[in-house]
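Trainee: This is the structure I have questions about; it appears just below.
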Amino acid sequence: MRTRFAFTALAGALALAATASQAQTQAPLKVGFMLPATGTFAALGDMIEKGFKLHVEEQGGKLGGRTLQYFKVDDESDPSKATDNVNKLIKRDQVDVIVGTVHSGVALAMARAAKDSKTLLIVPNAGADAITGPQCAPNIFRSSFSNWQPGYATGVIAAQKGYKRAMTITWNYAAGAETVKGFTEAFEKGGGKVTKDLNLPFPNVEFQALLTEIAAQKPDVVFAFFAGGGAVKFVKDYDAAGLRRTIPLMGSGFLTDGTLEAQGASAQGLITALHYGDNIETPRNNAFRNKFAVTYKANPDVYAMQGYDAAQMLAAGLKAVNGDDKKRDALIAAMKKAQIDSPRGKFTLSAQHNPTQDFYVREVKGNYNVVTGVAVKALADPGRGCKM
Ligand code: BEZ
């Protein structure tokens with residue numbers, strides 16, 4: 001009996017040693033970042049990459065025992081170049097996993113290429129609803145949100161505030177249209193009415209004529225989706241046009257995330273909804289923010305958090321297969337069922353691989369988006385049209 005026990009223990013120890021040494025002898029896992037390094041979303045891409053690398057560094061430079069080798073493409077937030085750009089990673093660099101991107105239009109082309117080539121794709125921002133809807137696939141995951149989610153959450157709080165007539169304003173592309181759709185759904189369910197949708201081409205920032213129209217129509221509230229450099233300009237122009245004090249401005253939280261230093265006084269008091277806020281007082285968020293600040297000499301934002309969680313999701317998959325990404329079914333199964341201990345709060349993935357997560361009410365105070373409540377708890381994207 002004792003001999004059999006000793007033999008089993010020895011066999012177990014040998015198996016463990018074998019998998020550990022296997023992870024060590026494997027070639028590095030090739031990770032391709034397809035993110036914007038130029039244009040209105042450049043800062044967002046930078047934050048995502050920093051967040052991703054921070055988690056890898058916390059794991060001693062390895063995920064699931066596997067070292068990583070990075071490849072990079074600047075997608076310029078340009079959908080017309082997206083297929084060529086993603087193929088640089090898939091065909092030229094032959095990466096094992098792609099992390100990207102910010103812009104919904106670019107991400108839709110990436111998702112098509114990832115689905116066709118079966119390359120593992122983790123989307124660390126772009127909310128295009130179709131990615132976890134009709135274009136869903138076993139190898140496509142998202143660490144961020146669907147566009148419907150933050151739009152819907154903001155609609156809930158705008159209706160709760162008692163506003164009845166809203167105008168919306170955004171860029172004319174998937175993220176703008178889908179976020180406005182989510183807002184309208186919740187706002188009208190809550191008793192309000194969207195009286196007019198205004199838009200301009202991405203990434204234009206000539207807002208003057210549209211602001212004049214808002215001033216003339218005098219709605220109870222304006223809902224805006226802009227992000228990055230465009231959000232900075234919009235919030236400043238809204239204030240300079242004298243509208244901030246007369247017509248409340250609300251938005252999905254991208255309007256004020258990663259932008260507050262540049263927006264200054266013009267953003268003070270703005271109320272938004274998002275799946276992250278700067279002052280979530282948990283040991284997990286505090287540790288993340290401190291580590292990020294020490295490493296990069298900057299405060300993290302929602303984009304850094306989403307990049308960090310993209311690495312956590314990949315880590316969950318790789319750990320389950322001891323770094324062997326060729327065990328694809330087991331890796332995907334582990335990613336699907338992972339509970340991610342995120343700085344935003346713990347979350348799980350929907351059947352379509354999109355985070356089911358709390359959406360917070362935030363108010364701008366100084367350089368922070370301060371959480372003042374929860375708009376919707378555990379909000380799941382409906383995942384309409386996904387067949388997996
Ligand atoms: C998007 O294109 O999906 C997007 C871009 C910036 C912030 C949020 C969403």
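The values are calculated or read from the model by the stated rules, or taken from the named source; none is laboratory data. Everything numeric here is computed off the predicted structure, so don't read it as measured data. Note that each Cβ is placed from the backbone with ideal geometry, even for glycine, and that neighbours are counted across all protein chains shown. Protein only, heavy atoms only, side chains kept; ligands, DNA and RNA dropped before computing areas. Shrake-Rupley method; radii C 1.70, N 1.55, O 1.52, S 1.80 Å.
Trainee: Do we have any residue at all in segment 351-365 that's polar (S, T, N, Q) and more than 22 Å from Ile157 (Cα to Cα)? If you could, list the steps in order and put the result at the bottom.
Mentor: Of segment 351-365, the ones polar (S, T, N, Q) are 352, 354, 356-357.
Cutting the leftovers down to more than 22 Å from Ile157 (Cα to Cα) gives us 352, 354.
Looking through segment 351-365, at least one residue is polar (S, T, N, Q) and more than 22 Å from Ile157 (Cα to Cα).
Trainee: Condition first: surrounded by 14 or more Cβ atoms within 10 Å (Cβ to Cβ) and either in a helix (DSSP H, G or I) or among the aliphatic types (A, V, I, L, M) (or both). Now tell me which residues in segment 271-297 satisfy that.
Mentor: Ile271, Ala273, Leu274, Ile280, Arg284, Asn285, Phe288, Arg289, Lys291, Phe292, Thr295, Tyr296
Trainee: Only one of (1) farther than 24 Å from Arg112 by Cα; (2) buried (at least 16 other Cβ atoms within 10 Å of the Cβ) fails for Arg165. Which number is that?
Mentor: (2)
Trainee: Which condition does Tyr368 not pass, out of (1) in the same structural domain as Lys50 (by TED's automatic domain parsing); (2) more than 24 Å from Pro28 (Cα to Cα); (3) out of contact with any Ser or Thr (no Cβ under 8 Å at 6 or more places or on another chain), if it passes all the others?
Mentor: (1)
Trainee: Another question about this same structure. Being open to solvent by 20 Å² or more (accessible area, probe 1.4 Å) and closer than 16 Å to Met250 by Cβ is the filter here; which residues of segment 348-364 pass it?
Mentor: Tyr360, Val361, Glu363
Trainee: Then there's this: Among the residues that make up segment 267-277, is at least one of them within 24 Å of Asp381 (Cα to Cα), within 11 Å of the ligand (Cβ to nearest atom) and modelled with pLDDT of 95 or more? Break it down into steps so the answer makes sense when it comes.
Mentor: Filtering segment 267-277 down to residues within 24 Å of Asp381 (Cα to Cα) leaves 271-277.
So of that shortlist, the ones also within 11 Å of the ligand (Cβ to nearest atom) come out as 274.
Applying the additional criterion that residues be modelled with pLDDT of 95 or more yields 274.
Yes, segment 267-277 contains at least one residue that is within 24 Å of Asp381 (Cα to Cα), within 11 Å of the ligand (Cβ to nearest atom) and modelled with pLDDT of 95 or more.
Trainee: Name every residue in segment 34-60 that is away from the ligand (no atom under 16 Å from the Cβ), in contact with a helix residue (DSSP H, G or I) (Cβ under 6 Å, 6 or more places away or on another chain) and under 19 Å from Val95 (Cβ atoms), in order of residue number.
Mentor: Hits for segment 34-60 are Phe52, His55, Val56.
Trainee: Sticking with this structure for a sec: If a residue counts only when it is assigned by TED's automatic domain parsing to the domain that holds Ala310, which strands (runs of 3 or more DSSP E) contained entirely in segment 131-217 have at least 2 such residues? It would help to see each step written out before you state the result.
Mentor: On the way: elements: 140-142, 165-171, 193-200.
In segment 131-217, 140-142 are the strands (runs of 3 or more DSSP E) which contain 2 or more residues that are assigned by TED's automatic domain parsing to the domain that holds Ala310.
Trainee: Which residue is nearest to the chain's Cα centre (by Cα), if the candidates are limited to segment 115-131 and must be away from the ligand (no atom under 16 Å from the Cβ) and either of a type in the set (Gly, Ala, Ser) or surrounded by fewer than 19 Cβ atoms within 10 Å (Cβ to Cβ) (or both)? Quick ask: steps written out before the conclusion?
Mentor: The first filter runs over segment 115-131 and keeps only residues away from the ligand (no atom under 16 Å from the Cβ), leaving 115-120.
In the following step, the residues that additionally are either of a type in the set (Gly, Ala, Ser) or surrounded by fewer than 19 Cβ atoms within 10 Å (Cβ to Cβ) (or both) were identified as 115-118.
On the way: Lys115: 20, Asp116: 23, Ser117: 23, Lys118: 22 Å.
Step by step, filter segment 115-131, then rank; the result is Lys115.
Trainee: Let me ask something else. Taking segment 226-242, which residues are open to solvent by less than 40 Å² (accessible area, probe 1.4 Å), within 16 Å of the ligand (Cβ to nearest atom) and within 11 Å of Ser266 (Cα to Cα)?
Mentor: Val232, Phe234, Val235
Trainee: Would you please name the residue that is nearest to the ligand (Cβ to nearest atom), looking only at residues in segment 153-169 that are touching an Asp or Glu at 6+ places or on another chain (Cβ under 6 Å) and among the hydroxyl-bearing types (Ser, Thr, Tyr)? So that I can check it myself, show each step before the final result.
Mentor: At the first step, the residues of segment 153-169 found to be touching an Asp or Glu at 6+ places or on another chain (Cβ under 6 Å) are 163-165, 168.
Filter once more, so that each one left must be among the hydroxyl-bearing types (Ser, Thr, Tyr): 163, 168.
On the way: Tyr163: 23, Thr168: 15 Å.
Within segment 153-169, the match that is nearest to the ligand (Cβ to nearest atom) is Thr168.
Trainee: From the list Gly345, Gly323, which residue is open to solvent by 10 Å² or more (accessible area, probe 1.4 Å), assigned to a loop (DSSP other than H, G, I, E, B) and touching a residue at least 60 places away in the same chain (Cβ under 8 Å)?
Mentor: Gly345
Trainee: Can you tell which of Asn139, Asn147 is within 12 Å of the ligand (Cβ to nearest atom) and under 21 Å from Gly307 (Cβ atoms)?
Mentor: Details: Asn139 fails: within 12 Å of the ligand (Cβ to nearest atom).
None of the other options fit; the residue is Asn147.
Trainee: Inspect segment 19-35 for any residue being among the aliphatic types (A, V, I, L, M), surrounded by fewer than 17 Cβ atoms within 10 Å (Cβ to Cβ) and modelled with pLDDT under 95 and give the result as yes or no. Give the derivation first.
Mentor: If we filter segment 19-35 for residues that are among the aliphatic types (A, V, I, L, M), which is where we start, we get 20, 23, 27, 29, 31, 34-35.
Among the residues that remain, those that are also surrounded by fewer than 17 Cβ atoms within 10 Å (Cβ to Cβ) are: 20, 27.
Next cut, modelled with pLDDT under 95 only: 20.
Within segment 19-35 (the criterion being among the aliphatic types (A, V, I, L, M), surrounded by fewer than 17 Cβ atoms within 10 Å (Cβ to Cβ) and modelled with pLDDT under 95), the answer is yes, since at least one residue qualifies.
Trainee: Which one of these is free of Cβ contacts under 8 Å to residues at least 60 places away in the same chain and either in contact with a Leu (Cβ under 6 Å, 6 or more places away or on another chain) or within 15 Å of Val31 (Cα to Cα) (or both): Lys88, Lys81, Lys115?
Mentor: On the way: Lys81 fails: either in contact with a Leu (Cβ under 6 Å, 6 or more places away or on another chain) or within 15 Å of Val31 (Cα to Cα) (or both); Lys115 fails: either in contact with a Leu (Cβ under 6 Å, 6 or more places away or on another chain) or within 15 Å of Val31 (Cα to Cα) (or both).
Selected residue: Lys88, the only one of Lys88, Lys81, Lys115 that is free of Cβ contacts under 8 Å to residues at least 60 places away in the same chain and either in contact with a Leu (Cβ under 6 Å, 6 or more places away or on another chain) or within 15 Å of Val31 (Cα to Cα) (or both).
Trainee: I've got another one for you. Please state which of the following conditions Arg289 fails to meet, knowing it meets all the rest: (1) in the same structural domain as Tyr70 (by TED's automatic domain parsing); (2) within 16 Å of the ligand (Cβ to nearest atom).
Mentor: Answer for Arg289: the failing condition is (2).
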